[in-house]
Structure formats: structure tokens, C-alpha cells
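Everything below concerns the one structure shown next.
The values are calculated or read from the model by the stated rules, or taken from the named source; none is laboratory data. Worth saying up front: this structure is predicted, and the values here are computed from it rather than measured. With ideal geometry, Cβ positions are generated from the backbone for all residues, glycine too; neighbour counts draw on all protein chains shown.
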Amino acid sequence: MIDAVRRGIAVVTGPDASAWRRRARATVEERFSAPACVARYEEIYLDLVARKGLRPSPGPATAEWTPGALVGDILFHFNYGRWEAMEESAERLYRHPEPVAVTELLRVVALAARQAAARDRGRLADLLFRVLDREGAMNGELAKLWGVAAPPGPGGLVVAKALMAHCGADPEGVMLAVEGAVNAGAVAEAARLAETGAARFPQERAFVEVARMLRQKQGET
């Protein structure tokens with residue numbers, strides 16, 4: 001049973017998938033270098049401070065956190081390379097009951113998510129991508145990066161759903177969705193997605209093999 005799952009995952013995460021990951025990370029590193037992002041973060045956020053009255057630096061410990069203040073905190077920690085502190089702020093932002101709402105703030109969140117993905121900060125990237133997905137700010141490029149960066153676990157189904165919504169016409173996106181479902185332990189859903197990929201992209205034989213292995217695994221449970 002375990003061997004069947006491992007074979008299925010090996011196909012999903014084989015040479016082609018590794019190449020997709022390398023291309024995704026290369027794109028991030030080329031287009032979103034740290035110095036460029038720092039400058040862009042500061043420009044966007046300080047403009048918001050001036051126009052919308054957001055706090056330019058962390059306030060007193062007793063102050064109530066707002067989504068804008070949390071994004072500012074993420075920016076502050078990013079500028080100093082404090083990834084663990086960024087993760088704490090991202091967790092608060094993800095669990096905050098109020099929406100981010102402001103487009104410029106969501107752009108900052110997207111830039112931070114790209115940087116986290118490029119640096120293999122899987123949990124941080126996952127939290128930020130979840131914020132973007134919840135806010136309706138997801139797109140195909142971001143969904144693929146999310147699929148590459150997301151850590152294994154039940155959350156893989158959320159990633160798979162976003163990938164199918166935004167990359168359903170792209171075999172790379174669908175394969176990442178299959179992998180997300182596998183990593184979530186959702187064998188039946190992973191098999192269904194692989195069969196969808198086989199139907200949409202008959203030239204991509206990997207989908208057929210993955211679907212067969214996953215259905216075999218499903219039959220053993």
C-alpha cells in the first residue's frame with residue numbers, strides 16, 4: 001500500500017515536476033530580487049501611510065492589530081530578514097477577522113509570498129498565499145508558486161482547488177493540483193484530478209500513469 005503511494009508521488013514529483021519548480025523559482029528570483037522588493041515594499045506602504053493613516057511602524061503592545069498594521073509588520077521584518085517574525089505576523093493576518101481589502105496592501109502580500117516561496121519558506125508562503133486566495137487576489141502565476149511552496153498536509157486540497165480554478169487549462173498547474181491532493185492524503189481526489197488531466201491533455205502520459213497508480217492505491221484501502 002505504502003509502496004503504491006510512493007510510486008504515485010514519484011511520478012508526480014519526477015523530473016518534469018522538478019523542472020517546473022526550477023522554472024518557477026528562477027522566475028521569482030529574476031523578477032523579484034530582494035533589493036527590488038524592499039524598495040517596492042517601502043514605496044507602496046509609505047504611500048498608504050500618507051494617504052490612509054496607517055501606522056508606519058509597530059505601535060504599542062496594547063494597540064489592536066489591523067490588517068494594514070500587520071502588512072506593515074511583515075514589511076518591517078522582511079527588510080531585516082526576520083523570517084520567523086514575518087511568519088508570526090502572517091499567521092495573525094491569515095486569522096484576522098477583517099479583510100485586507102486595500103489593493104496596494106494585497107500587492108505587498110503577493111510580493112512577500114513570492115519571496116517566501118523563492119526562499120523555501122513553505123509555511124510562511126502558504127499563509128500569505130491563503131490570504132491572497134481568501135481575498136480574491138489569486139491568479140495563475142501565484143497559484144503555481146503556491147503549489148510549489150506549500151508544505152504537505154490537509155491544506156493541499158485548498159491549494160489544489162486554487163490551481164484548478166486558475167490553471168485548469170495548463171498541464172503544469174493540473175499536475176501540481178494532483179500533487180497537492182496526494183500530499184493532503186486525499187487519494188480519491190488526487191486520482192480524479194489526474195483523470196481530469198489525462199482527459200484534457202492526452203499527450204501528457206504521466207497523468208494516465210498517476211491516475212492508474214492512485215486508483216490502485218484507492219482499491220487497497
Identify, please: which residue in segment 95-111 is touching a residue at least 40 places away in the same chain (Cβ under 8 Å) and part of a helix (DSSP H, G or I) and is, among those, surrounded by the most Cβ atoms within 10 Å (Cβ to Cβ)? Leu105
I need every pair where a residue in segment 207-221 that is within 18 Å of Glu172 (Cα to Cα) and buried (at least 16 other Cβ atoms within 10 Å of the Cβ) has its Cβ under 7 Å from the Cβ of a residue that is modelled with pLDDT under 85 and not hydrophobic (A, V, I, L, M, F, W, C), sequence separation at least 6 or different chains. Val210/Gly8
Checked against (1) assigned by TED's automatic domain parsing to the domain that holds Gln218; (2) touching a residue at least 60 places away in the same chain (Cβ under 8 Å), Gly155 satisfies every condition except (2)
Residues that are buried (at least 17 other Cβ atoms within 10 Å of the Cβ), over 18 Å from the mean Cα position of the chain (by Cα) and farther than 30 Å from Pro67 by Cα: does segment 163-178 have at least one? no
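Listed residues Ala199, Ala188, Ala194, Ala184; which is under 24 Å from the mean Cα position of the chain (by Cα), among the aliphatic types (A, V, I, L, M) and surrounded by fewer than 16 Cβ atoms within 10 Å (Cβ to Cβ)? Spell out the reasoning first.
On the way: Ala199 fails: under 24 Å from the mean Cα position of the chain (by Cα); Ala194 fails: surrounded by fewer than 16 Cβ atoms within 10 Å (Cβ to Cβ); Ala184 fails: surrounded by fewer than 16 Cβ atoms within 10 Å (Cβ to Cβ).
When all the criteria are applied, what remains is Ala188.
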Checking Leu157 against (1) more than 26 Å from Gly197 (Cβ to Cβ); (2) more than 10 Å from the chain's Cα centre (by Cα); (3) modelled with pLDDT of 90 or more; (4) among the aliphatic types (A, V, I, L, M), which single condition isn't satisfied? (1)
Among the residues of segment 147-162 satisfying the criterion of being farther than 22 Å from Phe201 by Cα and in contact with a helix residue (DSSP H, G or I) (Cβ under 8 Å, 6 or more places away or on another chain), which is surrounded by the fewest Cβ atoms within 10 Å (Cβ to Cβ)? Pro151
